Each structure stands twice: as C-alpha cells, then as structure tokens.
1. So which residues in the range 72-90 are within 13 Å of TRP102 (Cβ to Cβ) and either of a type in the set (Val, Ile, Thr) or in contact with a Leu (Cβ under 8 Å, 6 or more places away or on another chain) (or both), if there are any at all?
2. So, ARG152, is that one in a helix (DSSP H, G or I) and either basic (Lys, Arg) or on the phi > 0 side of the Ramachandran plot (or both) or not?
3. Six or more apart or on different chains, Cβ atoms under 6 Å: show the pairs whose first residue is in the range 34-47 and within 16 Å of ALA14 (Cβ to Cβ) and whose second is polar (S, T, N, Q) and crowded, with 18+ Cβ neighbours inside 10 Å.
4. Restricting to the range 14-31, name every residue that is among the aliphatic types (A, V, I, L, M) and crowded, with 18+ Cβ neighbours inside 10 Å.
5. Tell me the residue from GLU122, GLU129, GLU145 that is farther than 28 Å from ILE29 by Cβ, of a type in the set (Asp, Glu) and part of a helix (DSSP H, G or I), please.
Amino acid sequence: MRQSETPARSLVDARDTGQAANVMAALAITSLSHIHCGNYGLAKEQLDELCALADEKGAVFWKVGAMLLLGCVSALNGKAADAVDTVEVGIQAWRSTGASLWMPMYLAHLIGAYADLGRFDEAWRCFSEATSLMQQTKERWCEAEIYRIAGRVAIHSPGSDVDKPERNLF
C-alpha cells in the first residue's frame, strides 16, 4: 500500500465497522493528515462529512472539533475573517465540552488569522494564551509552529524592528 492510500484505507476500515464513532474519529484524524500535507480541499470535504455525521448523531465533541479544524483550513486558505469567526466560536464550544486537547494548535491558526487581518493585539493575546496553555498542559508538539507564526506577526506588527523580532516574543 502506498503512503497516500493510508488515510483512505483507514476510512474504509472505519466505515466497515458500522460504528459512527469510528468513522468520526477516522474523518478527524485523516483530515489532520490532509491539512498537514496541504490537501485543504480534501480536508474540508472530510470535515464537512464529519460535521454532518456529528449533527446526525448529536456528537457535540466531534462537531466542535470539526468546526475548529474547518477554521484552521480557512486560515490556511487565506480566509482570515472566516477563520477568526469559526475558531473563536469553536474555542468557546470546545471549552464547554471540557476539552483542552489541541488548543495550542487552534490558537496558532488564530494568531495567524488575526495578524492577516491586521489585528495584532488579538494575535498577541492568542500567542500569550497558547504559550501559557503549553506550559500548563505540557502539550508542546506545535510549539515550533506557534513561534514561527509569532515571528511572522512580530515582523509585520506596527513599529516592529525587523532586525530584532525576538524582542516582541519574550
């Protein structure tokens, strides 16, 4: 099996179980793979399917997770306003489920979306929240991405010293 077939195979296997929870998990996880590979259209298709299935089953956790990932896709596709609206609403709903997993990643996309809109104060607020959460939860797998995005924000922030962007980070 080629590596590109793996996500499709996992969905086939999940569908074969006849269990909606397996299908929702497979759609969420494989959409992440597509996001990280730059396959935003395919990720969106899977996330739209996940939203529909989660609605049908009343699975709030999966619905909100899909919403957050759709916001990330919007941010990556240059649709910053859509990303901000979707991720902000999604974060509130995510917190209402008691979940905190992946919050730094969602905040990373929100940092970039706010910066793309020129809303640098909000971008820095999200950066502060993301770094604080990483310290609290020890969820650090996206730390490099958060700092990469923050560096981009620092360079583009009004009054920044492009030779010393780290001044704005620490």
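We did not get these values from a lab; they are worked out from the coordinates using the rules stated. Fair warning: this is a prediction, and the values are worked out from it, not measured in the lab. For neighbour counting, all protein chains shown are included, and Cβ atoms are generated from backbone atoms with ideal geometry for every residue, glycine included.
1. Our first condition is that a residue be within 13 Å of TRP102 (Cβ to Cβ); within the range 72-90, this holds for 72, 87, 90.
Those that are within 13 Å of TRP102 (Cβ to Cβ) and either of a type in the set (Val, Ile, Thr) or in contact with a Leu (Cβ under 8 Å, 6 or more places away or on another chain) (or both): VAL87, GLY90.
2. Judged against the criteria, ARG152 is a match.
3. Filtered contacts from the range 34-47: GLN46/SER31; LEU47/SER31.
4. Residues of the range 14-31 among the aliphatic types (A, V, I, L, M): 14, 20-21, 23-29.
If the condition is that a residue be among the aliphatic types (A, V, I, L, M) and crowded, with 18+ Cβ neighbours inside 10 Å, then ALA14, VAL23, MET24, ALA26, LEU27, ALA28 are the ones that fit.
5. Numbers: GLU129 fails: farther than 28 Å from ILE29 by Cβ; GLU145 fails: farther than 28 Å from ILE29 by Cβ.
So the residue among GLU122, GLU129, GLU145 that is farther than 28 Å from ILE29 by Cβ, of a type in the set (Asp, Glu) and part of a helix (DSSP H, G or I) is GLU122.
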